[in-house]
1. What distance in nm separates the two pseudo spin-label positions at GLU72 and GLN106, each 7 Å out from Cα along the beta-carbon direction?
2. Starting from the Cα-Cα distance between SER97 and SER37, subtract it from 0.36 nm times their residue separation and give me the gain in nm to one decimal.
3. Can you compute 3J(HN,Hα) from phi for each residue in the range 118-123, using the Karplus curve 6.51 cos²θ - 1.76 cosθ + 1.60 with θ = phi - 60°, rounded to whole Hz and x for Gly and Pro?
4. Kindly report the accessible area of the range 6-134 per residue (heavy atoms of protein chains, probe 1.4 Å, no ligands, DNA or RNA), in Å².
5. Estimate the FRET efficiency between LYS181 and SER204 by the formula 1/(1 + (r/R0)^6), using the beta-carbon distance for r and 35 Å for R0, to the nearest 0.05.
6. From the phi angles alone, apply the Karplus equation (6.51, -1.76, 1.60; θ = phi - 60°) to the range 28-36 and give each ³J(HN,Hα) in whole Hz, x where the residue is Gly or Pro.
7. Lysines near LYS83 by alpha-carbon distance under 17 Å, same-chain residues fewer than 8 away left out - which ones?
8. If you take the beta carbon distance between SER47 and THR126 as r and set R0 to 41 Å, what does 1/(1 + (r/R0)^6) give as a FRET efficiency, to the nearest 0.05?
Amino acid sequence: MFTGIVETIGTVSQLIQHDDSSSGGSGTSLTISSCASILTDAHLGDSISINGTCLTITEFSKDDFKVGVSPETLRRTNLGSLKEGSGVNLERAVSASTRMGGHFVQGHVDTIAVVAETREDGNAITFRLRPREKSVLRYIVEKGYVTLDGASLTVTAVDDEEGWWEVMMIAYTQEKVVMGKKRKGDDVNVEVDMVGKYVEKSVSAYFEGSGASGGAMLEKMVQRLVDQRLQSANKS
């Protein structure tokens, strides 16, 4: 579990494709350097978020660590587009003393989004993102949370029909996360707020238990509200 508060930006110092070692397992192994500040309490097997993807530390030293990335993870995230020298957002798993400055983040990427547009607003930048799977938009609401490359950000606008949402990043955040330097056409890992998923499942279970479909139940609820409003209007 993570908070979406990026602790530091590391650098991909080595990338080995089709690595058959214990780290790669026929996938890709990554060595991330320039991150000594988050390795002071590291242990083999620890979970760590790399661009919002939860991975396992298989080797580490004072300044760098190594993880293995499976073919499935490469397909579902933007880690497959990393190169030696790429910067990556890093966050250790939460501890009992961690301040919850962001929101609950699992490190399970739901989809990849493309930066469709950037707009400067003073020293801030607004990013418009279009997801590869449009279905995730039902979990994204204005003023809600979304995790982008492992960073917890607030949604400032959503357009379900056109299939995009926007976030605004202040100057301080631009310097602390890799997305600050991304521009039109770049890929971003997306994890939606898990609370929305739980609510959706609970509501669906309620509708199924009532013996009616979700659509039929909603239609009845809306009709009941309309009838009540009309009755109130007639009485007045």
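1. Result for the modelled spin labels: 1.3 nm.
2. So the extension gain works out to 19.9 nm.
3. These are the phi-based 3J(HN,Hα) values: 10, 9, 7, 9, x, 9 Hz.
4. Values: 6430 Å² over 129 residues.
I get 50 Å² per residue for the range 6-134.
5. Values: r = 40 Å, r/R0 = 1.14.
Efficiency at R0 = 35 Å is approximately 0.30.
6. Result, rounded to whole Hz: 10, 9, 10, 10, 10, 10, 6, 9, 4.
7. Filter leaves LYS66, LYS181, LYS182.
8. Taking R0 as 41 Å, the efficiency between SER47 and THR126 is 0.80.
The values are calculated or read from the model by the stated rules, or taken from the named source; none is laboratory data. Every value quoted in this text rests on a predicted model; they were computed, and no experiment measured them. All Cβ positions, even for glycine, are placed from backbone atoms using ideal geometry, and neighbour counts span all protein chains on display. Note: areas computed on protein heavy atoms with side chains; ligands, DNA, RNA excluded. Shrake-Rupley method; radii C 1.70, N 1.55, O 1.52, S 1.80 Å.
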